[in-house]
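Let me begin by presenting the structure, written as structure tokens, before commenting on it.
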Amino acid sequence: MAESSILDRLSALDTNTVSDALDFLHLKGATYGLQPLWNCEKIVGRASTVKVGPKTDTAPKAHLLTPVVDAVTTDDRILVISGGTDGISCWGDILANASKMKRIRGTIIDGMSRDIDGSRDIGYPVYGRGVTMISARNRIVQVDSGTPLLVRGVTVHQDDYVIADRCGTVFVPAKHIEEVVDLGERIDRRQTLMVRDVRAGNPVARVMHDTQFEVIRENMAAPAAAATPARTRNPKLASAEDQELAALFANSDTPGISDALDKLGISSQVPGIMPLTEYKKVTVGPAFTVRYVPASSPPGSVGDFIDDVAIGDVVVIDNGGRTDCTVWGDIMTQYAGLRGIAGSVIDGVCRDVNCAIDDGYPLFTAGRWMRTGKDRVQVGGVNESISLGSVRVEPRDIVVADANGVVIVPRNRAREVAEVAQKIEKSEEGIRELIAGGATISEARMKLGYHTLQRRG
């Protein structure tokens with residue numbers, strides 16, 4: 001990935017999110033105690049490492065850091081300095097001015113700075129342990145540069161990535177930057193939706209329940225996907241509204257949503273399409289619709305549409321219920337998994353099922369068979385109205401699928417369906433609690449109106 005692109009993506013995050021991503025990946029990088037030394041802006045860039053230490057001889061030396069500043073030739077650098085001594089400066093306003101002229105983005109000091117007003121006056125960001133007035137001259141010298149440093153318990157290499165803001169400083173190993181940014185973006189989207197839920201009046205105990213964070217963990221790319229070549233990574237992201245609507249059903253299942261659909265008079269439970277195996281989690285996402293037709297002469301494409309599917313989408317295929325040829329196999333499974341597609345629902349059959357099961361890619365189909373669809377069927381249209389048996393599916397409707405089957409939630413009624421489903425689930429939880437407390441099932445159902453839960457109101 002282009003250097004400017006990865007820095008732009010990292011810049012869109014904050015240290016909290018990057019720290020969380022590192023935690024998920026079991027990587028060290030977040031530090032404590034390196035704060036902005038004036039009210040400076042966030043900085044993001046590549047580390048130029050410098051080690052300093054106490055001066056042990058009387059011979060005159062070049063002022064510390066000046067060779068490193070003079071050697072900078074790019075505009076992506078952040079100076080990272082370790083080995084500072086409490087009470088003694090290893091940074092000042094002259095160095096800040098020189099760094100500003102070299103277009104260095106800022107300085108991180110595991111130590112102290114003086115003349116901080118000079119850095120502030122020219123808008124040069126400095127992060128460190130604190131400020132002092134005591135000069136480094138004849139007290140601290142540069143020991144090394146361009147080598148690994150230990151900064152607040154974190155090993156920082158030359159060219160590692162740095163992000164620093166008001167919450168502190170985080171270092172990201174260069175070899176892990178893409179997976180950290182990918183996961184950071186996923187965490188950021190999830191937490192944005194959680195904030196919206198709280199502002200909408202949802203109980204914070206539910207919004208911040210551990211299961212919400214487990215969704216992030218479950219959706220983390222497998223190690224093989226983390227090493228995916230950049231060309232295979234999916235640049236297409238679902239819209240903010242897509243993500244918001246899908247998140248409404250993150251803690252639901254198809255039975256609860258089916259009951260809500262019944263109560264609202266919506267017939268969107270898909271008949272005859274079942275999971276490939278007993279999935280333990282629910283697949284949720286906006287529908288990317290595909291319609292297959294009998295092959296023409298010469299035959300057309302059978303699967304190139306997948307390059308247009310966004311991360312988190314569910315591919316929904318209308319093959320008219322045909323069971324005499326497949327429209328999904330192992331190559332599609334592998335590619336869809338690498339591109340972060342949530343799953344596939346097929347009114348038809350699939351093959352190479354061992355691959356899908358081993359990879360954990362969710363497939364919901366009318367069956368399985370080994371005969372290829374090449375030269376038998378071709379794509380007739382994408383992102384148009386299709387049918388799954390008796391159920392109409394519009395592009396970007398919300399698909400919910402699990403071990404019980406598949407339901408389609410009309411997009412324009414998604415919030416309404418989610419609200420009713422949550423009320424039904426809450427009532428059923430109450431019934432289970434009453435039963436556990438000694439009530440008979442008839443007493444519990446009567447008290448909480450079980451017989452009217454799914455009844456159309």
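The values are calculated or read from the model by the stated rules, or taken from the named source; none is laboratory data. Since this is a predicted model, take the numbers as computed values, not measurements. Quick reminder, even Gly has a Cβ in these numbers, built from the backbone with ideal geometry, and neighbours come from all protein chains shown. With ligands, DNA and RNA removed, areas are computed over all heavy atoms of the protein, side chains included. Shrake-Rupley method; radii C 1.70, N 1.55, O 1.52, S 1.80 Å.
By DSSP, the beta bridges lying fully in region 78-182 are antiparallel in about 45 percent of cases. Exposure check, 1.4 Å probe, all protein chains in place: residue 248 carries approximately 40 Å² of accessible surface. Ranking 277, 311, 288 by Cα position along the charge dipole of region 273-315, where only Lys, Arg, Asp and Glu carry charges on their C-beta atoms, puts 277 farthest toward the positive end. Note on region 1-134: antiparallel DSSP beta bridges, both residues inside, total approximately 10 percent of the bridges counted. For region 299-376, the solvent-accessible area of protein heavy atoms averages 40 Å² per residue (probe radius 1.4 Å; ligands and nucleic acids excluded). Note: relative contact order over region 266-384, using C-alpha pairs below 8 Å and six or more positions apart, is 37 percent. Could you work out how far the C-alpha centroid of region 121-153 sits from that of region 261-312, in angstrom? Cα centroid to Cα centroid, the span is 57 Å. Taken as Cα centroids, region 15-29 and region 340-377 sit 35 Å apart, rounded to the nearest whole angstrom. Summing charges over all other residues whose Cβ lies under 12 Å from the Cβ of residue 104, with Lys and Arg as +1 and Asp and Glu as -1, gives +3.
Beta bridges per DSSP, both residues in the chain: antiparallel share near 55 percent. With a threshold of 21 Å on the Cα-Cα distance, the over-threshold entries among 263/423; 42/175; 28/236; 42/100 are 42/175; 28/236. Okay, which of region 145-168 sit inside 14 Å, backbone N to the point 7 Å along the Cα-Cβ direction of residue 71? Counting only backbone N, you get 145-149, 158-159. Among the trypsin sites (Lys or Arg not before Pro) within region 252-321, those in coil by DSSP and having at most 11 neighbouring Cβ atoms inside 10 Å are 280.
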